[in-house]
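A quick write-up on the structure given underneath.
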Amino acid sequence: MNQPAQPYVRIGTEGVRPADVIAVSRRQARVRLSSEALAAIRESRDVIDKLARSPRPAYGVSTGFGALATQHIPVTQRVRLQHGLVRSHAASTGAEVEAEVVRGLMLLRLATLATGRTGVREVTARRYEALLNSGITPVVGEFGSLGCSGDLAPLAHCALALMGEGRVRLPDGRASTAADALAQHGLEPLELVEKEGLALINGTDGMLATLCLAAEDLTHLLQLADVTAAVSVEALGGTGSVFAPDLQELRPHPGQSVSAANLFAMLANSPIVASHWSDRSTRVQDAYSLRCAPQVHGAVRDTLDHAKAVAARELRSAIDNPVVTGDGRVESNGNFHGAPLAYVLDFLAIAAADLAGISERRTDRMLDPARSGGLNAFLAEDPGVDSGLMIAQYTQASLVSEMKRLASPASVDSIPTSAMQEDHVSMGWNAGRKLRRSLDALTRVLAIELLVATRAQDMRAPLSASPALRAVRDAVRRVADGPGPDRHLAPEIDAVVGLVRDDAVMAAVRDVGVTLA
């Protein structure tokens, strides 16, 4: 069956939205430069052309770069200068960066070109637009960017492909030379002129694309964390009364209120909870990993909101050096420094590690007969003969330990480069790379909690779960069996991870009429 054509993402002079980044990066949406953007590009190019004809040296136009900025370049050598800049800066190495990150950074570089502040020609912006729409993805290595001056190496690999050089991936994922890929799609290699090499590589686009993608992922994982916590509260015979709105209003952090409301809604009408709290004389209050879930989950939400605010500002920015100002000046600046992005990328890795940590503590509690409220040791069918889900918690602990290591900030480091011209760098690209690994680990940690908690929930039979959490358990049961003798556990863990990634758990909650914030 024919798939409907992806809508175009309009790229104007005002920047793009987070949803545009997701659409282009993950859904292969096509892009289209607006007429206003094309007019702004032509106007700023006129300024650069005048400088190029002037005998007065202008940085990035008729001089070298970085520590070589005082070197005047004759007209006959300027095409070579621009091409040499791109070739020499395309110096990444290591594992191949994910296609979605590369597509995201390409979109964001094109969005900066569209502001009319970089001085590229219209043909250059059009070719970049065509390269992105072709589905050709330049191959970028994981290591090479210091996050200042922007993401030079990753962006240089993209500019190299525009020139018909380097390696790329075709839309079907096959490797190819850029020259062959361009020819297959009817695209001509681009010859760069004054200022264009610099304009194509001097931006924070890799860091920003990573932040936008991570924010999208963590938004969904936070909802999932509220779900897994609610199943664990129920499985451990905890109470939902601590999540009541009037108690949360006493400490009005916005994220905490959202998480508490989600937990309160999912635990409503739970026979398991009602049964275990019918006699309050033997149960005073729940452990912190249950009772304080909204405080921790909510703090992660508030951290994410701050990161989204930083991303929103960066999406409206024009990052290049030098830039063409609105009144026609060409000025050097430091807007390419990645510190604003590096900090929040690191901050999210810290928050994600803590979110994983509290999830693991709930899991451990369900497996310990001294703290689980009457459940079999390790939720085994026949403790002693069976090990149950003991080692699932080991796997979780391994992931959480790795996330704690990944929470060590990259942005506190700086190694001077370019003969001390670039004497303080952000390391924001590295912060983004480790955040992606951290969010993958968080997905697996939450999936394991869900696997354990739904088995514990089943072991409370004949008591029934709340309607919302019964739907969650039923979704898990479609891919992983309930209590029983020991069996190969890795496929069940992977199946629940897949369930989480496919949004099937949250769909089950929505299907019973519970809407989570």
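The values are calculated or read from the model by the stated rules, or taken from the named source; none is laboratory data. Computed from a prediction, not measured in an experiment: that's the story for all the values here. Glycine also receives a Cβ, built like all others from the backbone with ideal geometry; neighbour counts cover every protein chain displayed. Only protein heavy atoms, including side chains, enter the accessible area calculation; ligands, DNA and RNA are left aside. Shrake-Rupley method; radii C 1.70, N 1.55, O 1.52, S 1.80 Å.
Output the residues belonging to region 293-311 that are closer than 15 Å to residue 242 by Cα and open to solvent by 40 Å² or more (accessible area, probe 1.4 Å). Explain how you work it out, then say what you get.
Of the residues in region 293-311, the ones closer than 15 Å to residue 242 by Cα are 293-298.
Across region 293-311, the qualifying residue is only 295.
Test each condition in (1) of a type in the set (Gly, Ala, Ser); (2) open to solvent by 10 Å² or more (accessible area, probe 1.4 Å); (3) closer than 25 Å to residue 343 by Cα; (4) out of contact with any helix residue (DSSP H, G or I) (no Cβ under 6 Å at 6 or more places or on another chain) for residue 134 and report the one that comes out false.
(3)
Looking at region 155-180 only, could you name the residues that are in contact with a Leu (Cβ under 6 Å, 6 or more places away or on another chain) and not in a loop (DSSP other than H, G, I, E, B)?
Result: 159, 162, 176.
Are any residues in region 399-424 touching a Gly at 6+ places or on another chain (Cβ under 6 Å) and farther than 18 Å from residue 218 by Cα, and if so, which ones?
418, 421
For residue 454, all conditions in the list (1) of a type in the set (Ser, Thr, Tyr); (2) under 22 Å from residue 396 (Cβ atoms); (3) in contact with a Leu (Cβ under 8 Å, 6 or more places away or on another chain) hold save one; what is the number of the exception?
(3)
Return a yes/no flag: does region 354-368 have any residue that is under 30 Å from residue 275 (Cα atoms) and open to solvent by 50 Å² or more (accessible area, probe 1.4 Å).
Yes, the conditions are met somewhere in region 354-368.
Could you tell me which numbered condition residue 76 fails, if it satisfies all but one of (1) modelled with pLDDT under 95; (2) in contact with a Lys or Arg (Cβ under 9 Å, 6 or more places away or on another chain)?
(2)
If you take the residues in region 195-228 that are among the charged types (D, E, K, R) and out of contact with any Asp or Glu (no Cβ under 8 Å at 6 or more places or on another chain), which one is most open to solvent (accessible area, probe 1.4 Å)?
Step by step, filter region 195-228, then rank; the result is 216.
Have a look at 213, 222 and point out the one that is modelled with pLDDT of 95 or more and either over 30 Å from residue 268 (Cβ atoms) or of a type in the set (S, T, N, Q) (or both). Steps first, answer last, please.
On the way: 222 fails: either over 30 Å from residue 268 (Cβ atoms) or of a type in the set (S, T, N, Q) (or both).
That would be 213, the only listed residue that is modelled with pLDDT of 95 or more and either over 30 Å from residue 268 (Cβ atoms) or of a type in the set (S, T, N, Q) (or both).
Which residues, counting only those in region 330-339, are in contact with a helix residue (DSSP H, G or I) (Cβ under 8 Å, 6 or more places away or on another chain) and either more than 19 Å from residue 435 (Cα to Cα) or crowded, with 20+ Cβ neighbours inside 10 Å (or both)?
Hits for region 330-339 are 330, 338.
When region 405-430 is examined, which residues are found to be small (Gly, Ala, Ser) and crowded, with 21+ Cβ neighbours inside 10 Å?
407, 410, 411, 426, 428
Within region 160-177, can you find the residues that are surrounded by fewer than 24 Cβ atoms within 10 Å (Cβ to Cβ) and of a type in the set (Gly, Ala, Ser)?
164, 166, 173, 175, 176
Among the residues that make up region 142-159, is at least one of them among the charged types (D, E, K, R), in contact with a helix residue (DSSP H, G or I) (Cβ under 9 Å, 6 or more places away or on another chain), crowded, with 24+ Cβ neighbours inside 10 Å and closer than 22 Å to residue 111 by Cβ? Quick ask: steps written out before the conclusion?
To start, the set of residues in region 142-159 that are among the charged types (D, E, K, R) comprises 142, 151.
Okay, now just the ones that are also in contact with a helix residue (DSSP H, G or I) (Cβ under 9 Å, 6 or more places away or on another chain), so 142, 151.
Still in the list and also crowded, with 24+ Cβ neighbours inside 10 Å: 151.
Then keep just the ones that are closer than 22 Å to residue 111 by Cβ; that gives 151.
Yes: one or more hits.
Determine if region 437-456 includes at least one residue that is open to solvent by 20 Å² or more (accessible area, probe 1.4 Å), hydrophobic (A, V, I, L, M, F, W, C), farther than 25 Å from residue 234 by Cα and out of contact with any Phe, Trp or Tyr (no Cβ under 9 Å at 6 or more places or on another chain).
Filtering region 437-456 down to residues open to solvent by 20 Å² or more (accessible area, probe 1.4 Å) leaves 437, 440, 444.
Going one step further and asking which of them are hydrophobic (A, V, I, L, M, F, W, C), we end up with none.
No; the residues of region 437-456 include none that is open to solvent by 20 Å² or more (accessible area, probe 1.4 Å), hydrophobic (A, V, I, L, M, F, W, C), farther than 25 Å from residue 234 by Cα and out of contact with any Phe, Trp or Tyr (no Cβ under 9 Å at 6 or more places or on another chain).
Regarding residue 91, is this residue among the hydrophobic types (A, V, I, L, M, F, W, C), at pLDDT 95 or above, open to solvent by 20 Å² or more (accessible area, probe 1.4 Å) and out of contact with any Ser or Thr (no Cβ under 9 Å at 6 or more places or on another chain)?
Criteria met by residue 91.
Here is a check on your reading of the model: is residue 193 touching a residue at least 60 places away in the same chain (Cβ under 8 Å), over 21 Å from residue 347 (Cβ atoms) and assigned to a helix (DSSP H, G or I)?
Working: touching a residue at least 60 places away in the same chain (Cβ under 8 Å): yes; over 21 Å from residue 347 (Cβ atoms): yes; assigned to a helix (DSSP H, G or I): no.
Taking the combined requirement at face value, the residue does not satisfy it.
Of all residues in region 35-49, which are within 20 Å of residue 132 (Cα to Cα) and touching a helix residue (DSSP H, G or I) at 6+ places or on another chain (Cβ under 9 Å)?
Selection gives 37, 38, 41.
Select from region 37-71 the residues that are modelled with pLDDT of 85 or more and surrounded by 14 or more Cβ atoms within 10 Å (Cβ to Cβ) and list them in ascending order.
Scanning region 37-71 gives 37, 38, 40, 41, 43, 44, 45, 47, 48, 49, 51, 52.
Please work out which residue is farthest from residue 399 (Cα to Cα), limiting yourself to region 469-488 and to residues that are open to solvent by less than 30 Å² (accessible area, probe 1.4 Å) and not small (Gly, Ala, Ser).
So, considering only residues that are open to solvent by less than 30 Å² (accessible area, probe 1.4 Å) and not small (Gly, Ala, Ser), the one farthest from residue 399 (Cα to Cα) is 469.
Can you list residue pairs whose Cβ atoms sit under 8 Å apart, with the first residue in region 496-517 being within 14 Å of residue 446 (Cβ to Cβ) and surrounded by 12 or more Cβ atoms within 10 Å (Cβ to Cβ) and the second being at pLDDT 95 or above and polar (S, T, N, Q)? Count only pairs 6 or more apart in sequence or on different chains.
Short answer, once both residue conditions are applied: 497/443; 500/443; 501/443; 506/223.
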